[in-house]
Structures are given as structure tokens and as C-alpha cells.
Amino acid sequence: MGRAETGLSEGRVGRGANLLTIRPIGKLVWAVKSRHLSCIRPAATLLLAALALSGCNRSDPPAATAAAAAPSPEKRYPLTGEVVAVRAADHVLVVHHDAIPGYMPSMTMEFSVSAGDAENARVGQRLRGELIVRQGTAFLENIWPDDAPTQDQLNAAAGALAQDTTMRGKEAYREVGETLPDFTLLDQNGHPVSINRYRGKQVMLNFIFTRCPVATMCPAATSKMMALQQAARAAGIGNLELVSISFDPANDTPGVLKEYARARNIDTSNFTFLTGPDTAVRNLLAQMGVIREFEGDTIKHTLATLLIDEQGRIIHRADGSQWDVEEFLGKMKKR
């Protein structure tokens, strides 16, 4: 799911939609993640492995040598493997990984990961991620479930959605009154979620991305969803689900979404965050009339929030992030 796939069928955008340039704060992202960095340590059975990472478990070099040494460049390696053990409190996964061409053979090792990734992992789970090695430290990020049943479900749903978008052609954009298309994505726990799971419930659906630094865009949209969640509960509306879909799946893995929700104290009992694969997200954006364009690390996008009824029909839509909570509440049915 790289950013090479940047094509977009723009569809139609409702009145009041704002197109802003979003510039993720790359250095800040690294500064936050650096708190979780630690050296990779081979598991007990492989402590003598000759490929132990430079900089781990060794004494500091003499001052003169350290001053003369140039910082090692960052290296990234794709990694796949199976989770052998989970130490969530330490943010550590023990993984029996496949051979990494040009770096190391298959072995069992401990990897430092984010808190969200550690919580999502399960013993016996297949995963894929990116091994980052920088200045004597290494960690695993961009983690996704990689078991065959999950991949088959996601790929089949993404293929069907792409075919549906192609068949609709210039009419891909779905008007108020039309039915939401079928799709399946991963939630913040790394579980596949089909939109059909919400049939029989009302759904508030929008699109965001977690690195958005513009307070009046994605952060404001998330705050509005939280306010509506509380207002609906106070109004006795008990059959409501809230769904936010990331249009930045290259960064927004399930673990990232889990930490995003936790950092904002979001009640996820009926508020779900969904992500990837990018082909599915791109086709959803086209059918929902939301623009997303990549220019390097820059994302230009619009925002839309939709209310879906129990039969899956779009019954109300608001563009931008400054929609009115009471207006949406007035269109909901109490259950």
C-alpha cells in the first residue's frame, strides 16, 4: 500500500467543500516514535547469532573514535513473520521472521513496536511490517495483519468495489438517497470489518487522516463526531455507529488508529476507525465525492460527513468540517 497509487476519480464535491494543502510534520512524527526505539535483541535460542545489530549490547567507543564516526544512514527492510510472543506492557513482539534478503536469515527475534501494535498482536498471527535500523537502534513499524483469510477477504472486497466504480463510470458519485457501496476494511484492532455489519443501525461516516495538522480540518471533524456521539446518547439514540475512514493508509495502520483514538479519549464502543487497502479507499472516495491528491508528502483533500440509515441509504450529507450536530440529530431516528 504505497503512495505510488495516486490516481483518483474525483467525482462530485458538494457545496462548501474546502480543498486545503496538508503537510504532515515528518520530523515531529519521528520525534514521537523515537520514544519507543530500542535495540533488537535475538531471542534466547539465538543469542549467538552472528548478525546481531551494530550498537546493541556493547560498551561505548572511546570519545575520539565516537567523534570521528559518521552517523549511520537509516535503513529500511520489509519484514514478514509470525508472532511467537507478545509483551504488550514493554511494547515488544517476539517474531519468527522470514529471511530478509541482503540483511539477515530467518530467525526468532524481539522487536520494539508502538503501544497500539503491541496491543493488536496475537500469538500465531502472521504480520508484515517495516524494519527500521537507524544509528544503532532498530524497531518495527507499518505493521499489518498478513494472514491468508484476512488478505483474501480484503482483496475480494477491494476488487468488487473497483469493478463497481468502473461500471458506474462518470456516475460513480452517489447522491443522497442512494445506497452506500459494499466495502471491507480493517478497524483499529486489525480486524476486517464489512460495512454490511452495520445494517439495521444508523451510521455517521466521514474521512480523516491522523497526521492532519490543520485544526479546522480533520481534528475538527473528529471533535464533531465525538460531540455527536455524546449528544446522540443523551437524546436516547441507541442504534448509532460512527465510522471514520483514513485516506492515508500508507501511514494509518490499525495500530496508529488505535493510538489516535486513545490519545483523544474516544469511546470506541460505537466509534470505529478503518484503514486500507489503498485501492479500496481510493474507490470509496470517488463514490463519496471526496477529493484526495498526493504531491510528495503533501495531501490535498476535501471532507464530507454522511448519515446512513438502517437500510444502508445515504440520507444526509455535509461537506467540510463545520457541520451542525443538531441538524444531524434531527434526521436520526430514536431507538
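The values are calculated or read from the model by the stated rules, or taken from the named source; none is laboratory data. This one's a predicted model, so the numbers in the text were calculated from it and none came from an experiment. In this analysis, Cβ positions are derived from the backbone assuming ideal geometry, glycine residues included, and neighbour counts consider all displayed protein chains.
Annotation: of all residues in the range 60-86 being of a type in the set (D, E, K, R) and either part of a loop (DSSP other than H, G, I, E, B) or loosely packed, with under 14 Cβ neighbours inside 10 Å (or both), the one that is modelled with the lowest pLDDT is 60.
Inspect the range 289-300 for any residue being of a type outside the set (Phe, Trp, Tyr), over 27 Å from residue 172 (Cβ atoms) and out of contact with any Phe, Trp or Tyr (no Cβ under 7 Å at 6 or more places or on another chain) and give the result as yes or no. Break it down into steps so the answer makes sense when it comes.
Initial filter on the range 289-300 (of a type outside the set (Phe, Trp, Tyr)): 289-293, 295-300.
With the extra rule that they be over 27 Å from residue 172 (Cβ atoms), the set shrinks to 297.
Those still in the list that are out of contact with any Phe, Trp or Tyr (no Cβ under 7 Å at 6 or more places or on another chain) too: 297.
So far as the range 289-300 goes, yes, one or more of its residues are of a type outside the set (Phe, Trp, Tyr), over 27 Å from residue 172 (Cβ atoms) and out of contact with any Phe, Trp or Tyr (no Cβ under 7 Å at 6 or more places or on another chain).
Pairs linking a residue in the range 82-106 that is within 17 Å of residue 130 (Cβ to Cβ) and in the same structural domain as residue 126 (by TED's automatic domain parsing) to a residue that is modelled with pLDDT of 95 or more and of a type in the set (Phe, Trp, Tyr), with Cβ atoms under 9 Å and 6 or more positions apart or on different chains, are 100/77; 101/77; 102/77; 103/77; 104/77. Under 7 Å by Cβ, and 6 or more places apart or on different chains, what pairs join a residue from the range 317-335 that is under 22 Å from residue 289 (Cβ atoms) with one that is among the small types (Gly, Ala, Ser) and in a loop (DSSP other than H, G, I, E, B)? Between residues of the range 317-335 that are under 22 Å from residue 289 (Cβ atoms) and residues that are among the small types (Gly, Ala, Ser) and in a loop (DSSP other than H, G, I, E, B), the close pairs are 317/14; 319/14; 319/16; 319/17; 320/16; 320/17. Candidates in the range 244-277 are the residues that are assigned to a helix (DSSP H, G or I) and among the charged types (D, E, K, R); of these, the one that is farthest from residue 128 (Cα to Cα) is 262.
Does residue 119 qualify as being touching a Lys or Arg at 6+ places or on another chain (Cβ under 7 Å) and closer than 22 Å to residue 261 by Cα?
Values: touching a Lys or Arg at 6+ places or on another chain (Cβ under 7 Å): yes; closer than 22 Å to residue 261 by Cα: yes.
It is true that residue 119 is touching a Lys or Arg at 6+ places or on another chain (Cβ under 7 Å) and closer than 22 Å to residue 261 by Cα.
Scan the range 204-224 for residues that are part of a helix (DSSP H, G or I), over 18 Å from the mean Cα position of the chain (by Cα) and among the hydrophobic types (A, V, I, L, M, F, W, C) and the total you get is 1. Checked against the criterion of being in contact (Cβ under 8 Å) with a residue 12 or more places away in the chain, of a type outside the set (S, T, N, Q) and out of contact with any Lys or Arg (no Cβ under 7 Å at 6 or more places or on another chain), the candidates 215, 227 yield just one match: 227. For the range 291-316, filtering for residues that are out of contact with any helix residue (DSSP H, G or I) (no Cβ under 8 Å at 6 or more places or on another chain), crowded, with 17+ Cβ neighbours inside 10 Å and assigned to a loop (DSSP other than H, G, I, E, B) leaves 2. Residues in the range 148-192 that are of a type in the set (A, V, I, L, M, F, W, C) and surrounded by fewer than 18 Cβ atoms within 10 Å (Cβ to Cβ) were compared, and the one that is farthest from residue 317 (Cα to Cα) is 148.
Give the residue that is modelled with the lowest pLDDT, with candidates limited to residues of the range 202-219 that are in contact with a Leu (Cβ under 7 Å, 6 or more places away or on another chain) and either surrounded by fewer than 21 Cβ atoms within 10 Å (Cβ to Cβ) or of a type in the set (D, E, K, R) (or both). Going through the qualifying residues, I end up with 214.
Of everything in the range 262-286, what is under 29 Å from residue 238 (Cα atoms) and surrounded by 22 or more Cβ atoms within 10 Å (Cβ to Cβ)? Give them in sequence order.
First, the residues of the range 262-286 that are under 29 Å from residue 238 (Cα atoms): 262-276, 281, 284-285.
Residues satisfying the conditions are 272, 273, 274, 275, 281, 284, 285.
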